[in-house]
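The values are calculated or read from the model by the stated rules, or taken from the named source; none is laboratory data. Keep in mind it's a predicted model, so treat the numbers as computed, not measured. Reconstructed Cβ throughout: ideal geometry from the backbone, glycine too, with neighbour counts over all protein chains shown.
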Amino acid sequence: MRFLTAGESHGPLLTGILEGMPAGLVIDIDRIQSDLDRRRKGHGRGARTTKIESDTVEIVSGVRGGVTLGSPITLLIENKDWKNWKSVMNPTGKAAGREVYRPRPGHADLAGGLKYGFSDLRN
């Protein structure tokens with residue numbers, strides 16, 4: 001089994017692809033949504049975060065009628081706050097003057113910057 005994710009923290013959406021699931025398994029979308037809701041209320045989450053991050057999962061492939069097909073399952077979670085980040089995180093534009101050079105506590109900024117060689121730690 002393989003699980004891939006794509007998407008940045010403040011990007012337009014997060015994509016998850018689950019490969020290797022057998023056909024015929026019942027998928028409970030309400031259970032998945034319940035876990036997302038639980039994450040929103042997690043330790044260290046402020047009032048602003050719990051208000052903005054009302055994540056909703058959408059299954060776009062690999063499941064039909066609530067049952068797995070055996071093909072890769074694709075999950076999408078749209079960032080409802082994207083409009084506030086578009087000018088900074090736009091994949092095709094440059095956010096000159098809006099770079100972040102200091103790592104934030106509790107985030108993977110420093111590790112990511114060191115691993116991939118970016119000076120703008122939002123990458």
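Computed values, structure above
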read-out	value
When residues of region 93-119 are limited to those that are on the phi < 0 side of the Ramachandran plot and modelled with pLDDT under 80, the one surrounded by the fewest Cβ atoms within 10 Å (Cβ to Cβ)	Ala96
All positions within region 61-92 that are at negative phi and either more than 20 Å from the chain's Cα centre (by Cα) or β-branched (Val, Ile, Thr) (or both)	Val63, Arg64, Val67, Thr68, Leu69, Ser71, Ile73, Thr74, Ile77, Val88, Thr92
Number of the exception - Asn90 against (1) of a type in the set (S, T, N, Q); (2) in contact with a Pro (Cβ under 8 Å, 6 or more places away or on another chain); (3) modelled with pLDDT under 85	(2)
Checklist (1) over 24 Å from His107 (Cα atoms); (2) modelled with pLDDT under 95; (3) touching a strand residue (DSSP E or B) at 6+ places or on another chain (Cβ under 7 Å) applied to Met21, failing item	(2)
Per-region count, region 29-62, residues at pLDDT below 75 and of a type in the set (D, E, K, R)	7
Matching residues in region 64-85 - criterion: being without any contact (Cβ under 8 Å) to a residue 24 or more places away in the chain and farther than 30 Å from Gly20 by Cα	Lys83, Asn84
